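To start, the structure under review is shown below, and the notes come after it.
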Amino acid sequence: MTMALSRRRTAWIALAAVLAVSAGALLAWRLTNVFGPDRLCGGAVSRADAQQLLGAGRITESGSTARAGDPTVSCTITARTGLGGTARAHVTLRTERAVSPGIDQQVRTVPQMSQLEGGRPGAFSNRTGWVLLPAGCVLPVPAKDPLPLKSRGDADVLWADVWFSPDDVLPEKRRAEEQPDTAARTALARVADGLAAAVGRQAGCGDAGPAGDRLGDPGGDARASEDGKACGLPGLGLGSTAGRTTPLRERVSSEGAPVWICGVDDGHLVSPVVSFTVTADQAWIGAAALDTDLRAALPAGWRGTGDTDGPILVPCGKDTLYLGVSYLDSALRDGRGEARSELPKDLFARFADAVAAQRGCEPIAPR
């Protein structure tokens, strides 16, 4: 009888040990990354980079990866906490079509964002950003797609968006106004740029090229816009400012940023009422320059190709420049929403010639 009790006690002890180990393994699986993969999103993103971006929590992933001939990607990496596996943060990485002209509006670069320098064009705020895919990485176009093939550039873009619970995802125009968080932006850029390079390799659509050497500084604080020298460009005026109740304010991207952009705010709208873009970055231009409108001949007296209201491509010294301008409103308003003046109808011509003078090349618009 004693022997039987001893065997039964031993069995119960063994069962308890098995249950304890199983419970421990379950807790380890739910609360840590002990059993998780080291690489995510088809091997393109390291778990360590994802953890640095999202913070504490068990890392999981879902979505699709690029395959030969198709750079389509949608991958979500989630950090979960607690026994229930509640999502506390996630980053969604996805490829999207870059449509030109107007790529400067579609990728929504604003001066407050930090741009990649030394590699593929890209820009990042604290919680969102984009990076251009390698040359030739163009998403398939459905047969009945409303956007014609002729408006496609040389490459599409990879977007990245981060969400932290209980904080809602903020609109981009508000995210970019956050106090810049260098560590957060660098981590997001590392994950996005790494996946963009992997898409190029996996889809076989182009040379990935070098990753961004570093993430540059964001643009400076908003400043008063000087009449006749808007955005720091002598000769660029925005029309009469008489009778305004709020001053015009402008933000300009940091010196050395691959894409120079200036946004002018009239105090009425959250977003800039007018934005100017200049870049000589060949990869960025390649994403826009295949559009037939951008290659159209300009009227007599103009240099370059494109549209007399922008955008245009124009030789300037040893470079080819892309110059673009976008408007939210043709009128400059004040803080009460009252129109105080119209933007000059030849604003783009003024802008183009101001850029030419600053960079020491021939005038672009007729005089």
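The values are calculated or read from the model by the stated rules, or taken from the named source; none is laboratory data. On a predicted model such as this, the values are computed, not experimentally measured, just so you know. A quick note on method: Cβ atoms are made from the backbone with ideal geometry, for glycine too, and the neighbour counts reach across all protein chains shown. All accessible areas refer to the heavy atoms of the entire protein, side chains included, with ligands and DNA or RNA removed. Shrake-Rupley method; radii C 1.70, N 1.55, O 1.52, S 1.80 Å.
Output the qualifying pairs, or none if there are none: Cβ atoms under 7 angstrom, residues six or more apart or on different chains, first residue in the range 165-194 and under 18 Å from residue 96 (Cβ atoms), second residue modelled with pLDDT of 90 or more and surrounded by fewer than 20 Cβ atoms within 10 Å (Cβ to Cβ).
Within 7 Å, the pairs are 169/161; 191/49.
Filter the range 113-124 down to residues that are crowded, with 24+ Cβ neighbours inside 10 Å and at pLDDT below 90, then give me how many there are.
The qualifying residues number 2.
I need the strands (runs of 3 or more DSSP E) fully contained in the range 298-367, keeping only those with at least 1 residues that are over 21 Å from residue 261 (Cα atoms).
Here the list reads 331-333, 339-342.
With respect to the numbered conditions (1) assigned to a loop (DSSP other than H, G, I, E, B); (2) modelled with pLDDT under 90; (3) open to solvent by 40 Å² or more (accessible area, probe 1.4 Å); (4) touching a Ser or Thr at 6+ places or on another chain (Cβ under 9 Å), which one is the sole condition not fulfilled by residue 238?
In the conditions (1) assigned to a loop (DSSP other than H, G, I, E, B); (2) modelled with pLDDT under 90; (3) open to solvent by 40 Å² or more (accessible area, probe 1.4 Å); (4) touching a Ser or Thr at 6+ places or on another chain (Cβ under 9 Å), residue 238 misses (3) alone.
How about the range 310-331: which of its residues are open to solvent by 60 Å² or more (accessible area, probe 1.4 Å) and not polar (S, T, N, Q)?
315, 317, 318, 319, 327, 328
Given the structure, is residue 188 buried (at least 17 other Cβ atoms within 10 Å of the Cβ), farther than 30 Å from residue 74 by Cα and modelled with pLDDT of 90 or more?
It is false that residue 188 is buried (at least 17 other Cβ atoms within 10 Å of the Cβ), farther than 30 Å from residue 74 by Cα and modelled with pLDDT of 90 or more.
Can you name the number of the only condition in (1) surrounded by 14 or more Cβ atoms within 10 Å (Cβ to Cβ); (2) charged (D, E, K, R); (3) under 21 Å from residue 271 (Cα atoms) that residue 307 fails?
(3)
Select from the range 126-145 the residues that are of a type in the set (Ser, Thr, Tyr) and at pLDDT below 90 and list them in ascending order.
Within the range 126-145, none qualify.
Could you please let me know if residue 293 is within 23 Å of residue 155 (Cα to Cα), surrounded by fewer than 18 Cβ atoms within 10 Å (Cβ to Cβ) and modelled with pLDDT of 85 or more?
Judged against the criteria, residue 293 is not a match.
Filter the range 290-310 down to residues that are farther than 26 Å from residue 367 by Cα and among the hydrophobic types (A, V, I, L, M, F, W, C), then give me how many there are.
Of the residues in the range 290-310, 1 are farther than 26 Å from residue 367 by Cα and among the hydrophobic types (A, V, I, L, M, F, W, C).
Do we have residue 127 as surrounded by fewer than 22 Cβ atoms within 10 Å (Cβ to Cβ), in contact (Cβ under 8 Å) with a residue 40 or more places away in the chain, of a type outside the set (Val, Ile, Thr) and closer than 26 Å to residue 274 by Cα here?
Spelling it out, it is not the case that residue 127 is surrounded by fewer than 22 Cβ atoms within 10 Å (Cβ to Cβ), in contact (Cβ under 8 Å) with a residue 40 or more places away in the chain, of a type outside the set (Val, Ile, Thr) and closer than 26 Å to residue 274 by Cα.
Taking the residues in the range 335-361 that are touching a Gly at 6+ places or on another chain (Cβ under 6 Å) and open to solvent by less than 10 Å² (accessible area, probe 1.4 Å) as candidates, determine which candidate is farthest from residue 273 (Cα to Cα).
By that ranking, first place goes to 354.
Is it fair to say residue 294 is touching a Pro at 6+ places or on another chain (Cβ under 7 Å) and assigned to a loop (DSSP other than H, G, I, E, B)?
yes
Out of (1) of a type in the set (Asp, Glu); (2) in contact with an Asp or Glu (Cβ under 8 Å, 6 or more places away or on another chain); (3) within 21 Å of residue 98 (Cα to Cα), what's the single condition that is false for residue 266?
It fails just one condition, (3).
Is it the case, given these coordinates, that residue 288 is under 28 Å from residue 134 (Cβ atoms), at pLDDT below 95 and in contact with a Leu (Cβ under 8 Å, 6 or more places away or on another chain)?
Here the answer is yes, as residue 288 does meet what is asked.
Can you confirm whether residue 271 is part of a strand (DSSP E or B), within 20 Å of the chain's Cα centre (by Cα) and surrounded by fewer than 22 Cβ atoms within 10 Å (Cβ to Cβ)?
no
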